[in-house]
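Below: the structure, in structure tokens.
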Amino acid sequence: MKKEAALAVEAPTMLSEQLRRGDVLSAACPSRAILQHITSRWGVLALLALEGNTRRFSELRRLIGGVSERMLAQTLQRLESDGLVQRVAYGVVPPHVEYSLTPWGEQAAARVRDLADWVEARVPDILQHQRNSPVR
């Protein structure tokens, strides 16, 4: 019985199902670009900084240490184009622009937060492992 189950061929997935669900391991999958925007160095940090907050550009730049103005602007534009960040520009002088997360952005930030929390909790162990690892 086990042998028969092992030999059973899984029914092919319908193309419409593949397109609806996505296949992040496929080079042609559009979800890869979105995943890249979310998990990029600055994407992760922007999502964390905006989680539960509305912030101005300058405030985000101060919070996210090491990010250039150009990289932060590009990151926010990409996240906005993906529907994760909302940008509100007020018609005043000097310009006043605020950024916040959309409901999708809040969902993504919660998942990124879980990963960041896991990493932070394990930093000492990971650093120790890196020091002892022959691979550098």
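General observations
- Search result, residues across the range 40-52 that are loosely packed, with under 14 Cβ neighbours inside 10 Å and in contact (Cβ under 8 Å) with a residue 24 or more places away in the chain: 52
- Lone unmet requirement of (1) in contact with a Cys (Cβ under 7 Å, 6 or more places away or on another chain); (2) at pLDDT 95 or above; (3) not β-branched (Val, Ile, Thr) for residue 22: (2)
- Residue within the range 92-112 that is among the hydrophobic types (A, V, I, L, M, F, W, C) and in contact with an Asp or Glu (Cβ under 7 Å, 6 or more places away or on another chain) present: yes
- Among all residues of the range 91-108, there is at least one that is among the hydroxyl-bearing types (Ser, Thr, Tyr), in contact with a Phe, Trp or Tyr (Cβ under 8 Å, 6 or more places away or on another chain), surrounded by 12 or more Cβ atoms within 10 Å (Cβ to Cβ) and within 22 Å of residue 40 (Cβ to Cβ).
- You will find that of 70, 122, 62, the residue that is out of contact with any helix residue (DSSP H, G or I) (no Cβ under 9 Å at 6 or more places or on another chain), under 25 Å from residue 30 (Cα atoms), without any contact (Cβ under 8 Å) to a residue 12 or more places away in the chain and part of a helix (DSSP H, G or I) is 70 and no other.
- Among residues of the range 53-80, those that are under 23 Å from residue 35 (Cβ atoms) and surrounded by 12 or more Cβ atoms within 10 Å (Cβ to Cβ), counted: 13
- Any hit, the range 30-41, residues being assigned to a loop (DSSP other than H, G, I, E, B), at pLDDT 60 or above, of a type outside the set (Phe, Trp, Tyr) and within 17 Å of the chain's Cα centre (by Cα): yes
The values are calculated or read from the model by the stated rules, or taken from the named source; none is laboratory data. In this text the structure is predicted, and so the values were computed from the model without any measurement. Every residue, glycine as well, gets a Cβ built from its backbone with ideal geometry; the counts of neighbours run over all protein chains shown.
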